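Below is one structure, written out as structure tokens; comments come after it.
Derivation of every value follows stated rules applied to the coordinates shown; laboratory data play no part. Bear in mind the structure is a predicted one, so any value in this text is a computation, not a measurement. No Cβ is skipped: glycine too gets one built from the backbone with ideal geometry, and neighbour counts run over all protein chains shown.
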Ligand code: IPD
Ligand code: CA
Ligand code: CA
């Protein structure tokens, strides 16, 4: 897996450099998907770059990407789970919290995860059972015991239905924690729990590509990971994503109770 990890890092860095360059050159165009989601030309360019590089190295592998959906997926096959830009709204508005997210899954488990923020030049990565890293530094969650000292991030869906349910959760959590953040990239939110910049993250509506790589990184960094609603047993664990909680282990149960 080490060679595959190195290859994935190189691909994420190339895609990261490309989306940074497109923004710096003022070469962005904007469009809408499904009537509610912003997508830029850079999302599609990054997707093509990543996909082509992977298929050149591994022609038989399956690709599950945000910008390339619509097939039936067989998670028993070697599969790459890709978000070509996580944090598109940040990206299109000139913010720095956006990343390339690439996970490699085999035998129904994510084996390698890479999340690269080209604007801060921060590379988070992990291979299964080998620890998690930010650059050359091994990372760990922050070991806290009191929910009241936790900085917790969350996210909101593009489709603005279910408002009372989402606000209800926020209303229960915010008074019990140090503060709440909405940083705009689920993949980076989870990596930030992994390296201790945040101590908790939760979000209801996600897709596998938002979180597959970051969940492995967080797990390898010692985070507790679970769901505040019973996950659908028909969905393989490696692409399970909705109602996700990632946190420092000793506040996990208290946070989960508030979210249920
Ligand atoms: C979104 C971001 C955001 C999260 C949304 C995701 P995108 O991904 O991760 O933080 O709240 O649920 O859809 O659209 O920027 O790739
Ligand atoms: Ca995303
Ligand atoms: Ca995306």
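Scanning the stretch 1-29 for residues that are assigned to a loop (DSSP other than H, G, I, E, B) and under 24 Å from residue 105 (Cβ atoms) yields a count of 1. Inside the stretch 105-121, can you point out the residues that are buried (at least 24 other Cβ atoms within 10 Å of the Cβ) and under 10 Å from residue 238 (Cβ atoms)? Within the stretch 105-121, 105, 110 meet the criteria. The set of residues in the stretch 32-84 being within 16 Å of ligand 3 (Cβ to nearest atom), farther than 17 Å from residue 13 by Cα and surrounded by 13 or more Cβ atoms within 10 Å (Cβ to Cβ) consists of 33, 37, 38, 39, 40, 41, 63, 64, 65, 66, 67, 68. Residues that are in contact with a strand residue (DSSP E or B) (Cβ under 9 Å, 6 or more places away or on another chain) and either in a loop (DSSP other than H, G, I, E, B) or more than 10 Å from residue 176 (Cβ to Cβ) (or both) within the stretch 147-159 comprise 150, 151, 153, 154, 155, 156, 157, 158, 159, listed in sequence order. Of the residues making up the stretch 227-250, those that are assigned to a helix (DSSP H, G or I) and either under 20 Å from residue 198 (Cβ atoms) or out of contact with any helix residue (DSSP H, G or I) (no Cβ under 6 Å at 6 or more places or on another chain) (or both) are 237, 238, 249, 250. Pairs are defined by a Cβ separation below 9 Å, a sequence spacing of at least 6 or placement on different chains, a first member in the stretch 45-73 that is in contact (Cβ under 8 Å) with a residue 40 or more places away in the chain, and a second member that is part of a helix (DSSP H, G or I) and exposed (fewer than 15 other Cβ atoms within 10 Å of the Cβ); the pairs so defined are 53/10. When restricted to residues that are surrounded by 12 or more Cβ atoms within 10 Å (Cβ to Cβ) and either in contact (Cβ under 8 Å) with a residue 40 or more places away in the chain or under 23 Å from the mean Cα position of the chain (by Cα) (or both), the stretch 157-177 contains 11. Selection over the stretch 53-66 of residues that are assigned to a loop (DSSP other than H, G, I, E, B) and within 16 Å of ligand 1 (Cβ to nearest atom) gives a count of 0. So, residue 144, is that one assigned to a strand (DSSP E or B) and either within 16 Å of ligand 3 (Cβ to nearest atom) or buried (at least 18 other Cβ atoms within 10 Å of the Cβ) (or both) or not? For residue 144, the condition - assigned to a strand (DSSP E or B) and either within 16 Å of ligand 3 (Cβ to nearest atom) or buried (at least 18 other Cβ atoms within 10 Å of the Cβ) (or both) - is not met. Looking only at the stretch 201-224, residues that are under 24 Å from residue 84 (Cβ atoms) and not in a loop (DSSP other than H, G, I, E, B) come to 15 in all. In the set (1) within 16 Å of ligand 2 (Cβ to nearest atom); (2) under 22 Å from residue 171 (Cα atoms); (3) buried (at least 24 other Cβ atoms within 10 Å of the Cβ), residue 206 fails one condition alone, (3). Restricting the first member to the stretch 138-155 and to residues that are without any contact (Cβ under 8 Å) to a residue 40 or more places away in the chain, and the second to residues that are buried (at least 18 other Cβ atoms within 10 Å of the Cβ), the beta-carbon pairs closer than 8 Å and six or more apart or on different chains are 138/132; 148/177.
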